[in-house]
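Below you'll find the structure, written out as structure tokens, and then a few comments.
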Amino acid sequence: MVEQSANQGARRSLSKRFNLSLIVMYIFTVTVTTPAIYFITKQQVYNRAEQDLILLVDVVKSIQNFVANDLRPHFMKEQIYYSPSFSGIVATSRIAKYLKQKQPQYYISNVSDNPLNPKNKVQGLEQDLLNKFRSNRNMGLLNTMGEINGQTYLVSSAPKVSKKGCLRCHGEPERAPEDVKATYGTESGFGYRTGDVVGVSVVGVPLEDVQSLTIRHSLMVIGGITFLFTILFVVVNLLVRRLILEPIMEITTVAKAVSHGDVIREVNVKDRKDEIADLANAFELMRRSLVAAMKRIKRNS
Ligand code: HEC
């Protein structure tokens, strides 16, 4: 009984050390992995948003180029001031309305603090951007992060500067085309002066919530690590027991028996090629030599 508990103690302390190392490795892996996941997730979120933003900005630019180069000269020749085919901003605003039905997450707007369309009145982040462009006239583009309608966006914005051509619709209200006056009235959106920053264009791509994405990714990865470590834990414990603890306990038991004069008990010889099996086999050889020697002594005496 005492022997058994001594063996058990040895067994426990060896397995304990292996298991403790495994637990330390597990904790280390998890603590290193979580910040790494946060960093990678953040990077991914930004890169994705940035790519989308570049695409969206180029699409908006292309719409405005199409209006400026392909539509406007033709309609000017005909003296037709129909705004969607005359102003890139108007065309963009119309197309953005259709895009919103398909891709509601994207934000495209041209806003002013003196708008024709009251829906295009600056607010929040847009007001800040407009102020910045007004106070720094050399700034041609500003990429930033900001909140629009409670959602974080990566935005690309540019000032809208009034030129001579703009005054056709945004100058004197009386001179504005009939369709503009009929749709928007004559109250707001007029009186532009050449060279003024009259508004700001904002293109925004939503930034996914990095925190909740990180938690989701972390849980997935930590789940995987835990699963692998559990398998490792079971396999290591099984191997330690079969290859190390059991043979050592066997040798210990026989060694103790021999020390008490019981030389009959054999060591269970292992048919393996490792150091512990070698030890067990060597011990069994020693026991057999001892038995033979004792027989010889008995015969001679
Ligand atoms: C052919 C007429 C026309 C011309 C020329 C024109 N715009 Fe406009 N603009 C409009 C109309 C119409 C709207 C309202 C669009 C809407 O409903 O979203 C508008 C909207 C805007 C807005 C958004 C705020 C608002 O008023 O609703 C800005 C900023 C703007 N225009 C700036 C300019 C600038 C700068 C130019 C010259 C480079 C220009 N516009 C030339 C007709 C015109």
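No lab work stands behind these numbers, since they all come straight from the coordinates. Since we're looking at a predicted model, the values are computed, not measured. Heads up, the Cβs are rebuilt from the backbone with ideal geometry, glycines too, and the neighbour counts pull from every protein chain shown.
Extending 7 Å from the Cα toward the beta-carbon at both residue 16 and residue 163 defines two label points whose distance is 8.2 nm. Length, then width, then depth: along the principal axes, the Cα atoms of segment 105-208 run 46, 29, 17 Å. Taking the inverse of the mean reciprocal distance over all distinct Cα pairs, the Kirkwood hydrodynamic radius of the chain comes to 26.9 Å. Rg and Dmax of segment 64-124, based on Cα coordinates, read 13.2, 40 Å. Within the chain, the selection of entire DSSP H helices by a Cα span of 18 Å or greater along the long axis and an average Kyte-Doolittle value of at least 1.0 returns 210-239.
Going out from 0 in 10 Å bins, what whole percent of all Cα-Cα distances in segment 7-91 drops into each bin? P(r) for segment 7-91, in whole percents per bin: 15, 18, 13, 12, 10, 9, 8, 7, 5, 2, 0. Take every pair of alpha-carbon atoms less than 8 Å apart whose residues are at least six positions apart; their mean separation over the length of the chain yields a relative contact order of 20 percent.
Placing dummy labels 7 Å off each Cα toward the beta-carbon, the span from residue 32 to residue 239 is 2.0 nm. Of the three principal axes defined by the Cα atoms of segment 248-301, the extents in descending order read 40, 20, 12 Å. If every alpha-carbon in segment 77-157 counts as one equal scatterer, what log10 I(q)/I(0) does Debye give at q = 0.19, 0.25 1/Å? After summing over all Cα pairs, the log10 values are -0.99, -1.37.
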